[in-house]
Amino acid sequence: MSEISIDTLKTMLANLDDAKKYQSLRDVMETLPAPDLAAVFEDLPAEKLPVLFRLCPKDLAADVFTELTPETQQKLIDGLTDTELKAVVDELFVDDATDLVEEMPANVVKRILGQADPTTRRMINELLKYPEDSAGGVMTTELMELRPDMTVAQAMEAIRRNGFDKETINNCYVTDDSRRLIGVVSLRALVLAKNTEEPIKDLMDSNVVSVSTTTDQEDVSNLFEKYGFLAIPVVDAENRLVGIVTIDDAISILQDEASEDIAKMNAIGPSDKPYFKQSMWDLYKSRAPWLLFLMISATFTGLVINGFEAQLSTFLYSFTPLLMGTAGNCGSQASTTVIRALALDQISTKDFFKVSMKEGLIALICSSILAVANTVRVILMYWWTDYNENNLVLKVSLVLGVTLILIMVIAQVLGSVLPIIAKKIRVDPALMSSPVIATIMDTLSILIYCGIIVLCSLWFNWGTQLQYVPPA
């Protein structure tokens, strides 16, 4: 139904200059959820944004505004009068207004704050003091607060009187005279209470899970998943209630963090803009530095290959892609698994040796199977060819088997410990991802491969027998 309405709305927008369409347009808009309507706004030219926005009912307009991208918000603000802008700011929750101020350029911020009432302006300034990626930076101060000596009837009356301006009333937070958080009571418990004269202190849960204003936003969002909350209270150093983080904010945080991790794990600079909102220059800046770094890093692989040119005949060299690819894949699997486990708090930096031992054993099992399979493959492919002079195929199979085992164990252990080390030194573990591990293992694979060729030649007196010389 929404899809039909959106198509209808877009058709009507093509004839927006026809005044007779306005009432029909408004009727269609009232049936659409704010996110769907915001998607329509994103496709509008700047000059039509204010016209359509003015047709939105007051409550819907504020919801649509918060769903818009910062670029579209700025275009819309430029087309609104001061009175219209004030109406929008007054309808926004404080956390949404703070996000708006953080995203806008200085001249637009000055205009927004100029239209906000003193109370809203003060609360915005308070929230701006906290780090952007902390609980204080994403919380809202519009919450339902009760006193422990209130009765159920008094609490319900307070909710009816003040609940309209609150972000959520599903959970009401109980504080003392100094605003210290002492408990939480759900709206469900209040509605179902049989005795309306029962004091709140007898109904509340005093074991409240809360976070401090400086708690990292990702840690806060993980608590929602762990406990299934709809909101989490935020307290200061003295346990005074200063705000709440709601489930919609937590979902946005998780989405942003996941997008950032995915970008870093694939050697791309993270961006909070939609794909088509990013210019070619933006995409270039997010990719080129990483590609340049990885290309320069790969230079070491070339130097190693050149250094062992005497040991690598055409036949032996043909196996280097197999070794480098297998090592990179192993390291990538391990790093992806550990990065995810770190993000979900399934492991910590204290588990360094435990994780490395586990990944090392897994690599030993996998590499042994791959070494046997590769030996069978090499024998089947080359036993009846000219390459098998002086049992060269068996010797190469042995070298490849030992190399595979070594590089897979090293790759998997490196892939598991580097993200843990990164977190220990307060670097994003996602940086130690597939491209980085693969680049490191390319160089190590060639070093190990050529090293084993040299050792086998010395220990078993193979001499130049590992060198395939094609028949004249």
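Brief remarks follow.
- Lys110 versus Ile365: modelled label distance in nm, points set 7 Å from Cα along the beta carbon direction: 6.6 nm
- Qualifying GluC sites (Glu not before Pro) for region 142-204 [loop in DSSP, other Cβ within 10 Å: at most 13]: Glu197
- Between Ala258 and Phe164, the modelled label-to-label distance comes to 3.7 nm, taking each label 7 Å out from Cα in the direction of the beta carbon.
- Per residue, the solvent-accessible area of region 317-394 (1.4 Å probe, heavy atoms of protein chains only, all protein chains present) comes to 59 Å².
- C-alpha center-to-center spacing [region 61-127, region 317-378] in angstrom: 50 Å
- Among the listed pairs Lys226/Lys424; Lys129/Lys166; Lys354/Lys424; Lys48/Lys75; Lys86/Lys110; Lys75/Lys110, a Cα-Cα separation exceeding 18 Å is found for Lys226/Lys424; Lys129/Lys166.
- Spacing of the two label points (7 Å from each Cα toward its C-beta) at Trp384 and Lys350, in nm: 6.1 nm
- Carbon and sulfur %, accessible surface of region 126-273 computed with the full protein complex present, 1.4 Å: 48 percent
- Net charge dipole, region 342-417: roughly 160 debye, given to the nearest 20, about the Cα centre with Cβ charges of +1 for Lys and Arg and -1 for Asp and Glu.
- Annotation note: GluC sites (Glu not before Pro) in region 215-250 located in DSSP loop regions with a Cβ neighbour count of at most 16 within 10 Å are Glu238.
- Under 14 Å, Cβ to Cβ, from Leu322 - net charge with Lys/Arg +1 and Asp/Glu -1: 0
The values are calculated or read from the model by the stated rules, or taken from the named source; none is laboratory data. Computed from a prediction, not measured in an experiment: that's the story for all the values here. For neighbour counting, all protein chains shown are included, and Cβ atoms are generated from backbone atoms with ideal geometry for every residue, glycine included. Side chains included, ligands, DNA and RNA excluded: accessible areas come from the protein's heavy atoms. Shrake-Rupley method; radii C 1.70, N 1.55, O 1.52, S 1.80 Å.
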